[in-house]
Amino acid sequence: MMQRLYTFFVNSLVKLYLQKFPITKLPKPTKLENIENIILFSNTALGDTLMSTPAIIQTRKAFPQAKITLFIAKKIYPLFRDYEYVDNFLIYNKGYKGFIGNILKMRSLKPDLILMFHSNGPQDIPTAIFSGAKYILKTSRNNAMENLLSAKLTRIPLQHLILTRLETLSFVTLEKYDNIQMKLSSKYHNFIAPPSNKQRIGFQMRTSKVAREWGIENFANLAIMLLNAQKDLEIFLTGTQVERKYCDKIYASLPQNYSARIHNVCGKYPIDELPYFLKSLHCLITGDTGPMHLCGALGIPSIALFIGAEPKLTGILQDKAIHKEIQQQSPITSIQVFEIWQTIHQGQKT
């Protein structure tokens with residue numbers, strides 16, 4: 001109830017503010033000139049931030065002289081600390097407690113243009129408006145507040161989120177973009193993992209929603225099948241420190257002699273070290289997760305299990321030969337263990 005009151009109050013202030021300080025409307029796509037300061041919003045989870053990177057890179061190319069600031073989540077920032085496509089960072093402070101601080105920091109940058117590639121309400125649009133930016137656009141999420149911005153953008157159903165964000169940029173450049181490569185800082189792309197004499201397979205068992213998980217029993221059965229078939233194979237359970245206890249449950253479903261070949265590394269690698277670890281794997285088995293998108297960006301083979309998620313929206317677009325997707329066909333038919341084992345086996349042959 002309190003948050004609703006805050007939201008109503010802030011939205012009312014926004015409308016009063018716009019009466020006195022209107023932002024510039026763009027009735028049609030327009031090539032903007034003389035843009036000196038840009039703020040890019042992509043301040044949610046890891047996967048969404050990575051899917052914004054093609055648009056971030058193209059923004060740098062479209063406005064080479066502009067100072068670009070990335071508004072980013074605190075927990076994601078270490079991964080992008082050395083990102084060569086932006087000049088500055090603003091760390092997103094969540095909720096209404098950080099609302100005023102975010103606005104004051106943005107106003108100090110005197111932005112000409114804000115492009116909101118991915119952000120969550122209800123604070124994001126008011127924050128952008130109160131920043132004093134002349135032009136503001138948001139990748140459409142069909143929110144009525146988007147009508148207050150420079151233009152309300154349309155969204156093509158089932159269009160991949162990378163392409164949708166590139167179209168947000170296109171509105172102010174009049175360029176068409178087909179570069180869908182997700183990229184991190186160069187240091188991650190340049191890193192080559194030391195060779196291993198063992199086959200290293202990663203399991204990312206948890207996802208952002210429990211309903212999208214494949215389940216411990218399925219992962220345990222897959223582990224048994226893989227370990228039986230290949231004596232030099234080891235499995236690494238990946239995730240956050242919070243997910244460590246959950247992943248430990250897999251050992252109860254395994255023969256005791258296999259436990260030594262399964263390593264729970266949940267929480268071992270901070271986010272800025274995670275790419276180095278993932279590059280040591282031969283393949284990651286995962287749901288629709290941030291690590292899946294890291295594999296996409298870094299060219300690490302992956303098998304993504306889309307359970308209650310849509311690969312047309314969030315799957316990996318680049319390097320399709322090494323990134324396989326298996327989609328659950330209906331809510332009552334689960335993805336079969338053999339199907340994944342077969343996909344891994346086929347990948348080893350190519």
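The values are calculated or read from the model by the stated rules, or taken from the named source; none is laboratory data. Keep in mind that what you see is a predicted model, and the values were worked out from it rather than measured. Every residue, glycine among them, receives a Cβ derived from its backbone with ideal geometry; neighbour counts consider all protein chains shown.
All conditions but one from (1) surrounded by fewer than 16 Cβ atoms within 10 Å (Cβ to Cβ); (2) closer than 13 Å to ILE201 by Cβ; (3) within 19 Å of the chain's Cα centre (by Cα); (4) not aromatic (Phe, Trp, Tyr) apply to LYS312; the one that does not is (2).
Residues that are part of a helix (DSSP H, G or I) and touching a Phe, Trp or Tyr at 6+ places or on another chain (Cβ under 7 Å) within the range 225-238 comprise MET225, LEU226, LEU227, listed in sequence order. The set of residues in the range 180-194 that are in contact (Cβ under 8 Å) with a residue 12 or more places away in the chain and over 17 Å from the mean Cα position of the chain (by Cα) comprises SER186, LYS187, HIS189, PHE191, ILE192, ALA193, PRO194. Residues that are closer than 17 Å to SER302 by Cβ, part of a loop (DSSP other than H, G, I, E, B), outside the structural domain of TYR83 (by TED's automatic domain parsing) and out of contact with any His (no Cβ under 6 Å at 6 or more places or on another chain) occur in the range 186-203; there is at least one. Scanning the range 168-180 for residues that are touching a Ser or Thr at 6+ places or on another chain (Cβ under 8 Å) and under 21 Å from LYS312 (Cα atoms) yields THR168, LEU169, LYS176, TYR177. Considering ILE38, ILE72, the condition of being within 30 Å of ASP288 (Cα to Cα) and either surrounded by fewer than 11 Cβ atoms within 10 Å (Cβ to Cβ) or touching a residue at least 12 places away in the same chain (Cβ under 8 Å) (or both) is satisfied by ILE72 alone. Restricting the range 108-121 to residues that are assigned to a loop (DSSP other than H, G, I, E, B) and either touching a strand residue (DSSP E or B) at 6+ places or on another chain (Cβ under 9 Å) or small (Gly, Ala, Ser) (or both) leaves a set whose member that is nearest to GLY47 (Cα to Cα) is SER119.
Screening ASP87 against (1) surrounded by fewer than 17 Cβ atoms within 10 Å (Cβ to Cβ); (2) under 17 Å from LEU46 (Cα atoms); (3) modelled with pLDDT of 95 or more leaves a single unmet condition, (2). Contact map, the range 237-253: residues that are loosely packed, with under 13 Cβ neighbours inside 10 Å paired with residues that are assigned to a helix (DSSP H, G or I), Cβ distance under 6 Å, separation 6+ or inter-chain. No pairs are found.
Output yes when any residue across the range 286-295 is over 20 Å from LYS75 (Cβ atoms) and free of Cβ contacts under 8 Å to residues at least 40 places away in the same chain, and no when none is. No, the range 286-295 has no match at all. Among helices (runs of 4 or more DSSP H) entirely within the range 239-350, having at least 2 residues that are of a type in the set (D, E, K, R) singles out 244-248, 337-349.
Residue count for the range 317-343 under the criterion of being acidic (Asp, Glu) and either in contact with a strand residue (DSSP E or B) (Cβ under 7 Å, 6 or more places away or on another chain) or assigned by TED's automatic domain parsing to the domain that holds THR164 (or both): the result is 2. Filtering the range 50-71 to residues that are of a type outside the set (Gly, Ala, Ser), under 14 Å from ARG165 (Cα atoms) and in contact with a Leu (Cβ under 8 Å, 6 or more places away or on another chain) leaves LEU50, MET51, THR53, PRO54, ILE56, GLN58, THR59.
Considering the range 122-156, the residues that are within 17 Å of LEU104 (Cβ to Cβ) and assigned to a loop (DSSP other than H, G, I, E, B) include one that is nearest to the chain's Cα centre (by Cα), namely GLN123. Just one of the listed residues (SER119, SER131) is in contact (Cβ under 8 Å) with a residue 24 or more places away in the chain and touching a Phe, Trp or Tyr at 6+ places or on another chain (Cβ under 7 Å), and it is SER119.
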